[in-house]
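Structure record follows, encoded as structure tokens.
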Amino acid sequence: ETGETCYRAIATVEGTIVYSNEVCVSAEYKCATNSAQHNLFIEDFGTLASETVRSSGSVDYINTSIYSFIDNCKPLKAEGTYALMTNPKYAGYGDLGNDDNSCSPDVNNLWFRDLYDHTFGGQKDGQWGAMLMVNAANLAGTTEQLVYSRTVEMPCTNTNMIFSAWFANAANPLRVSTQISMKFVVRDQNGNVIEAATLQIDEIKPEDGWVKGETSFNSGSNEKLTVEIYNCIEGGNGND
């Protein structure tokens with residue numbers, strides 16, 4: 001961030017105020033220091049035009065070798081599916097989630113809960129905040145499964161960093177019991193895990209609402225970092 005500020009000296013000469021020539025200095029902002037803060041990246045998934053519509057584009061940083069993008073009014077019944085939407089209750093349609101392409105859920109048989117996006121809390125200025133809705137895939141014999149990965153270039157080295165994300169269990173609490181467990185991992189420029197940045201978020205129940213996971217660490221000499229989020233619980237009923 002660059003900017004220019006100009007100054008003049010003021011003096012009184014024989015009762016008359018006089019000004020010096022203007023001197024201008026410019027500054028270039030390189031790195032946050034002390035209490036200064038700036039965002040390295042924000043993943044907010046944008047806004048949608050209505051409560052029922054979904055985004056027409058997939059997420060760049062989702063692990064597409066495991067997860068499949070579901071758009072329009074198709075249900076997220078299958079493990080390993082995801083969508084960008086504003087309310088999970090529109091992720092399953094018809095009787096017990098059958099796909100009738102109506103975009104109208106059976107309110108007596110909701111697979112997923114009525115839960116608005118955390119950033120907007122519903123409608124704002126004619127728009128609806130989008131969330132990433134994930135029906136977690138089966139672990140297939142592993143203890144954790146990569147869901148999200150994003151590599152970012154570092155404008156500064158040896159800088160204190162904070163990574164945070166909001167999670168909520170989108171399962172209908174009257175239908176399922178599987179809780180959510182997620183793991184935050186940050187890797188250095190060589191692909192090694194920065195242990196100080198690792199954070200486990202366990203046992204998120206539907207009644208818990210939105211839960212914030214946050215970790216802080218120093219970036220060290222790394223010129224880039226990779227942020228990852230893992231699923232740590234088997235798929236099946238719930239875990240959405």
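The values are calculated or read from the model by the stated rules, or taken from the named source; none is laboratory data. Bear in mind the structure is a predicted one, so any value in this text is a computation, not a measurement. Virtual Cβ from ideal backbone geometry, glycine too; neighbours counted across all protein chains shown. These accessible areas exclude ligands, DNA and RNA; they are computed on the full protein's heavy atoms, side chains included. Shrake-Rupley method; radii C 1.70, N 1.55, O 1.52, S 1.80 Å.
According to the square roots a ≥ b ≥ c of the eigenvalues of the Cα gyration tensor, what is the shape class of region 110-157, taking rounded for a/c under 1.5, prolate for a/b larger than b/c otherwise, and oblate for the remainder? Oblate, since a/c reaches 1.5 and b/c is not below a/b. Each label was represented as a point 7 Å from its Cα along the Cα-to-Cβ direction; for Q200 and S20 these points are 6.3 nm apart.
How much accessible area per residue does region 77-209 have, in Å², with a 1.4 Å probe?
On the way: 6420 Å² over 133 residues.
On a per-residue basis, 48 Å².
Of the accessible area of region 108-192, computed with a 1.4 Å probe over protein heavy atoms only, carbon and sulfur atoms account for 44 percent.
Dipole magnitude for the chain: about 140 debye, using +1 per Lys or Arg Cβ and -1 per Asp or Glu Cβ, origin at the Cα centre. With the whole protein complex present, L139 retains an accessible surface near 20 Å², based on a 1.4 Å probe. Modelled label positions at S216 and T12, each set 7 Å beyond Cα in the direction of Cβ, lie 5.0 nm from each other.
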